[in-house]
Amino acid sequence: MKHSIIEKIEHARHIVLIVHVNPDADALGSAGAFYSYLLRQQKKVTFFCATSPIDRRLALLPWCDKLRHDIPHHVDLAICFDCGSQERLGTDIKCDLVNIDHHVSNKDFGTYNLVDRDAISTTQVVYDFFRDNGIGINAKMATSLYAGLLDDSQQFLYVKTDVAVFEMAAELLRCGAESEGVVKALFQTDSLASLRLEGVLYEQLRLCHEGSIAVLHVSLQTLLATGAVPQEAERALQRAQALTTVRVSILLRERHHGSVKCSLRGDGSVDLAALAASFGGGGHRDSAGFTADGTLYALEEKIMNILCEEMS
Ligand SMILES: [Mn+2]
């Protein structure tokens, strides 16, 4: 039997592919692979992202040169990728929406939902969809899928990395994925600004709750002084989480208009998706985030109160 999503695609003439705001390699990779597939189906495709410009390292991924930042008027179908919640689309959608994702916190907000909460990446959800429906993967699609797999699996170091992940990686390489280019773009390209930002962050890093919680603040002033873009603070969060005593790491980033973006990483002992949900966000058990109004310190205190309770 034909998959209902394939039927939807067959009936649509113009399809818009949507990645989440501040897209990562998983969002752009899964959408990029779909872009190739839809072109092969001779569909008119628009590749949309609310954030402009995107992280410069990711701009090298297939089809990212086609990204548009305004939503076209006449669209028959929208497909969103790696969006844990509807707010992550960064736009309103009036047509049918296919929701392709792997976040545990996903509330199946699409008209059609292809959500695999056990998948390590959205690219794995797309890969399984292609394989289950006999859709061939060319080299460009393989490169897109490989980029998302490599990034969301933390270069195969993430605990959910299993036999299926390595089998998918092997198959993508067989299909012609350009792993060298992906690795270079994603993990071996740096800006001086991002190194300077990291330097500031490590100097200001605080350990709380007997060293079990790491806290990082990124003020607008720090971003201005270093010239870094907000996403470049993420690596410092990963490194903080690697400290031996740390169970949860918090990155609080000041934004314009008095709001704060919070990213959380954990060792799995605390459900961070639930914590983020209590602030209107979401994510995975060990990696989650949200945006809230307030100052860096006020928000830190609120999070600390909840965390210290749960971790005592
Ligand atoms: Mn993802």
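Quick note: the coordinates plus some simple rules give every number you see, no bench work behind them. Because the structure is predicted, anything quoted here is derived from the model rather than measured. Please note: Cβ atoms are built from the backbone with ideal geometry, for glycine as well, and neighbour counts cover all protein chains shown.
Count the net charge of all other residues whose Cβ sits under 10 Å from the Cβ of GLY32, scoring Lys and Arg as +1 and Asp and Glu as -1.
For residues surrounding GLY32, the net value is +2.
Taking a cut-off of 25 Å between Cα atoms, list the lysines near LYS261, but don't count ones fewer than 8 places away on the same chain.
Candidates past the 8-residue exclusion: LYS107, LYS302.
Between the DSSP loop rule and a limit of at most 10 other Cβ atoms within 10 Å, which GluC sites (Glu not before Pro) in the range 128-221 are left?
Passing sites in the range 128-221 are GLU210.
Just name one of PHE279, VAL165, SER191: the one whose Cα is farthest towards the positive end of the charge dipole of the range 165-285 (beta-carbon charges, Lys/Arg +1, Asp/Glu -1).
PHE279
Counting only DSSP beta bridges with both residues in the chain, tell me the antiparallel percent, nearest 5.
Of the beta bridges lying entirely in the chain, close to 45 percent run antiparallel.
Against the longest principal axis of the chain, how steep is helix 122-132, in degrees 0 to 90 to the nearest 10, with axes from Cα atoms?
On a 0 to 90 degree scale, this one is about 20.
When DSSP beta bridges are limited to those with both residues in the range 199-273, what percentage is antiparallel, rounded to the nearest 5?
About 60 percent, rounded to the nearest 5.
For a quick check: with amide H placed at 1.01 Å from N, whose amide H comes under 5 Å from ASN113's, ignoring anything fewer than 5 positions away on the same chain?
Correct list: ASN99.
Residue by residue through the range 21-36, what is 3J(HN,Hα) from phi via Karplus (6.51 cos²θ - 1.76 cosθ + 1.60, θ = phi - 60°)? Round to whole Hz and write x for glycine and proline.
Couplings: 4, 6, x, 10, 5, 5, 5, 5, x, 5, 5, x, 5, 5, 4, 4 Hz.
Taking the Cα centre of the range 168-226 as the origin, how large is its charge dipole in debye, to the nearest 20, when only Lys and Arg (+1) and Asp and Glu (-1) carry charge on their Cβ atoms?
I would put it at about 100 debye.
Report the antiparallel proportion of the DSSP beta bridges in the range 1-158 as a percent, rounded to a multiple of 5.
Among the beta bridges of the range 1-158, antiparallel pairing accounts for roughly 0 percent.
Quick one: net charge around ASP118, please, counting Lys, Arg +1 and Asp, Glu -1 for every other residue with C-beta under 11 Å from its C-beta.
That works out to -1.
Over the chain, what relative contact order in percent results from Cα pairs under 8 Å that are six or more residues apart?
The normalised contact order for the chain reaches 13 percent.
Over all directions, average the projected area of the Cα convex hull of the chain and note it in nm².
15.7
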